[in-house]
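Working notes for the structure below.
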Amino acid sequence: MPITTIIEPFRIKSVEPIRCTSRMQREQLLRRAHYNLFMLPSEDVLIDLLTDSGTGAMSTEQWAAIMRGDESYAGSPSFTRFRSSVQEIFGYKHVIPTHQGRAAERILFGTVCKKGDIVPNNTHFDTTRANIEFVGAEAVDLPIAEVQQPSKPHPFKGNMDVGALQQLIARVGKERIPLVMLTITNNSGGGQPVSMENARAVSTVCRTHGIPFYFDACRFAENAYFIKLREPGYQDKTPKQIAQEMFNLGDGCTMSAKKDGMANIGGFLCTNDDVLAQQEKDLLILTEGYPTYGGLAGRDLEAIAVGLQEALDEDYLKYRAASTAYLGNHISERGVPIVQPPGGHAIYLDARTFLPHVPPEQFPGVALANELYLEGGIRSVEIGTLMFAKAARMDLVRLAIPRRVYTQSHIDYVVEVILEVWEHREQIGGLKLVSEAPFLRHFTAQLEPLRTSRA
Ligand code: F0G
């Protein structure tokens, strides 16, 4: 019999203890955090699935590269290695390092966007939307219709509705659209991949109208692996070849290296446009740093240079997709409603279906995320009415899996906790908002339960 068990393709050289707390302690801790999991000290979290961003474990090769980091202010060889690694995969002419993804977004939208403009995307991530709105432009989400049905599987649920894009261009005119963006994978829409066919169709529309086409490339390696698994014609290509083919359809990208850069910090902005690159570098110097480090240390550039290549390793991607699906499949087979199919970096619980008695204005996603913490010390994040207010199409709870961090027994524990919460779901109540910031309110909002969560 062939061996079919998929294992973690690494062994552990350094460990970090995690601490159990009692339910009573967690009740107090949550009250002190104003019922907002962002405000919990991380030592009081047992399994932290808040984000897969910057939370991954680095490899021995990355740590070795860190020691090679050259901290020269200008012209560091660490930048040269970083740029070569990025260019080999992404292929764009200008590579501008930033301290993380949103800094790349701010510089891009601060340069190309003005008041009254419209930026279409399959689904904007919260920081992308906020950076567009901050310059007075409008962020428009154009996901395919299947996204509205969380339980319905689709191989490329991250796709953009190309017909809707064409209609938008016809309606508002290409002059008001400084660029079109495609987020791979589509994080806010459930961590779902975008097909090569869809990216090609979006690229064709953009080229026809002379509109620049950008990728929000945070999870490009996971997206490439789903194409290899699911899209005809890509089975025999490597994830790197697939990524290269995809980026070749665009004119540039923003990237958070905290995801598929396998680093704890960092990002970059790429473009093929010489004039734009100059304007972006001018802005970079003002707020991030000189263009050969852009807000990062030389050692961070080295870690990203190695990490981008490791993220495309097939053994790693096979384990990554399998471990995420393991969590999703084990809870959905017991009836827990999740966004189907399982995404690349996360499982999304459908909180509106999980808690049908909690209306969206009582934040069912927050209620469910808080209960997972109370039950088992698990931290997750709401992606719904608290994050997007009226723009929320769904109320989801994301369980994001940090890269190379947790083992299968950790995930088995998470499964058990979710199933326990599922059993007593009828006793979980909603919350009300007590205070909120004018934008990105979910990070600091304070809430209060409408009634005690457990009878
Ligand atoms: N775009 C997407 C699709 C993202 O998921 C993120 C970050 C960003 C842009 C911004 O990058 O954090 O480096 O500034 N997502 C994290 C998350 C925070 O938890 O999903 P950043």
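See the values below:
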read-out	value
Hey, ASP52 buried (at least 18 other Cβ atoms within 10 Å of the Cβ) and within 16 Å of the ligand (Cβ to nearest atom) or not	yes
Failed item, numbered, when THR204 is tested on (1) surrounded by fewer than 17 Cβ atoms within 10 Å (Cβ to Cβ); (2) within 16 Å of the ligand (Cβ to nearest atom)	(2)
Helices (runs of 4 or more DSSP H) completely within the stretch 271-372 that count 1 or more residues being touching a Pro at 6+ places or on another chain (Cβ under 6 Å)	274-287, 314-332, 351-354
Identity of the residue in the stretch 385-398, within 14 Å of the ligand (Cβ to nearest atom) and within 12 Å of ALA351 (Cα to Cα), that ends up surrounded by the most Cβ atoms within 10 Å (Cβ to Cβ)	LEU396
The stretch 373-416, residues that are part of a helix (DSSP H, G or I) and within 23 Å of ILE6 (Cβ to Cβ)	GLN408, SER409, HIS410, ILE411, ASP412, TYR413, VAL414, VAL415, GLU416
ILE184 vs. criteria crowded, with 18+ Cβ neighbours inside 10 Å, in the same structural domain as GLY158 (by TED's automatic domain parsing) and over 18 Å from LEU276 (Cα atoms)	yes
Residue in the stretch 207-247 that is farthest from ILE304 (Cα to Cα), counting only those that are within 16 Å of the ligand (Cβ to nearest atom) and touching a Pro at 6+ places or on another chain (Cβ under 8 Å)	PHE226
All positions within the stretch 183-214 that are at pLDDT below 95 and on the phi > 0 side of the Ramachandran plot	GLY190, GLY191
Any chance LYS152 is more than 16 Å from the ligand (Cβ to nearest atom), touching a residue at least 24 places away in the same chain (Cβ under 8 Å) and assigned to a loop (DSSP other than H, G, I, E, B)	yes
Residues satisfying the stated conditions in the stretch 284-338, i.e. within 14 Å of GLY69 (Cβ to Cβ) and among the β-branched types (Val, Ile, Thr)	THR292, ILE304, VAL306
Any hit, the stretch 74-96, residues being buried (at least 16 other Cβ atoms within 10 Å of the Cβ), farther than 20 Å from GLY266 by Cα, touching a residue at least 24 places away in the same chain (Cβ under 8 Å) and among the aromatic types (Phe, Trp, Tyr)	no
Residue selected from the stretch 105-115 under the condition surrounded by 24 or more Cβ atoms within 10 Å (Cβ to Cβ) and more than 8 Å from the ligand (Cβ to nearest atom), by the criterion farthest from ALA139 (Cα to Cα)	ILE107
Residue among THR127, THR123 that is assigned by TED's automatic domain parsing to the domain that holds ASN264, in contact with a Lys or Arg (Cβ under 6 Å, 6 or more places away or on another chain), within 16 Å of the ligand (Cβ to nearest atom) and closer than 23 Å to ASN186 by Cα	THR127
Residues of the stretch 138-182 satisfying the condition of being modelled with pLDDT of 95 or more and of a type in the set (Lys, Arg)	LYS157, ARG171, LYS174, ARG176
Matching residues in the stretch 155-165 - criterion: being touching a residue at least 12 places away in the same chain (Cβ under 8 Å) and assigned to a helix (DSSP H, G or I)	VAL162, ALA164, LEU165
Residue count for the stretch 131-148, restricted to those that are under 19 Å from GLY190 (Cα atoms) and either buried (at least 16 other Cβ atoms within 10 Å of the Cβ) or touching a strand residue (DSSP E or B) at 6+ places or on another chain (Cβ under 8 Å) (or both)	8
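The values are calculated or read from the model by the stated rules, or taken from the named source; none is laboratory data. Please read all numbers here as calculations on a predicted model, not as lab measurements. For neighbour counting, all protein chains shown are included, and Cβ atoms are generated from backbone atoms with ideal geometry for every residue, glycine included.
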